[in-house]
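The values are calculated or read from the model by the stated rules, or taken from the named source; none is laboratory data. It should be emphasised that the depicted structure is a prediction, and the values quoted were computed from it without experimental measurement. Quick reminder, even Gly has a Cβ in these numbers, built from the backbone with ideal geometry, and neighbours come from all protein chains shown. Just the protein is used for accessible areas: all its heavy atoms, side chains included, with ligands, DNA and RNA removed. Shrake-Rupley method; radii C 1.70, N 1.55, O 1.52, S 1.80 Å.
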Amino acid sequence: MHYQKCSAIQIKKRRVTPNYLGEAGIEHFTIHDLRRTCRSLLAKLGIQFSVAERCLNHKPKGIEAVYNQHDYLDERREALDLLANTLSHLIYPSTAEFK
């Protein structure tokens, strides 16, 4: 488990919030779990590897980073819209397409 060192000023600024996840029976959760779930769902939806990686703001490596300067903005938008529609149908099964 990672603990971040905080100054006294940062600690005073933090507010205590209810542990909704703990109440729901989820004992351990990190923000990175959302990134991992997002990436897995994008793969399940058939999104191209390079587009899904850029949705998480992962930078290309090696020779691809040198030669491929495309930002994939339109492709990322389409991928994340598809993900939003998928999640919307899971959360609200009776809703029409998310817009």
**Request:** Among what's in segment 12-30 and is open to solvent by 90 Å² or more (accessible area, probe 1.4 Å) and not in a loop (DSSP other than H, G, I, E, B), pick the residue that is modelled with the highest pLDDT.
**Result:** E23
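In segment 75-99, what residues are exposed (fewer than 11 other Cβ atoms within 10 Å of the Cβ) and either closer than 24 Å to I31 by Cα or of a type in the set (A, V, I, L, M, F, W, C) (or both)?
At the first step, the residues of segment 75-99 found to be exposed (fewer than 11 other Cβ atoms within 10 Å of the Cβ) are 90-97, 99.
L90, I91, Y92, A96, listed by residue number.
Might you let me know whether segment 87-97 holds any residue that is in contact with a Cys (Cβ under 7 Å, 6 or more places away or on another chain) and assigned to a helix (DSSP H, G or I)? Spell out how you get there, then give the answer.
Looking only at segment 87-97, we keep the residues that are in contact with a Cys (Cβ under 7 Å, 6 or more places away or on another chain), and these are none.
There is no residue in segment 87-97 that is in contact with a Cys (Cβ under 7 Å, 6 or more places away or on another chain) and assigned to a helix (DSSP H, G or I).
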**Item:** Selection within segment 31-74 - closer than 19 Å to L87 by Cβ, part of a helix (DSSP H, G or I), open to solvent by less than 70 Å² (accessible area, probe 1.4 Å) and aliphatic (A, V, I, L, M)
**Value:** L41, L42, A43, V51, A52
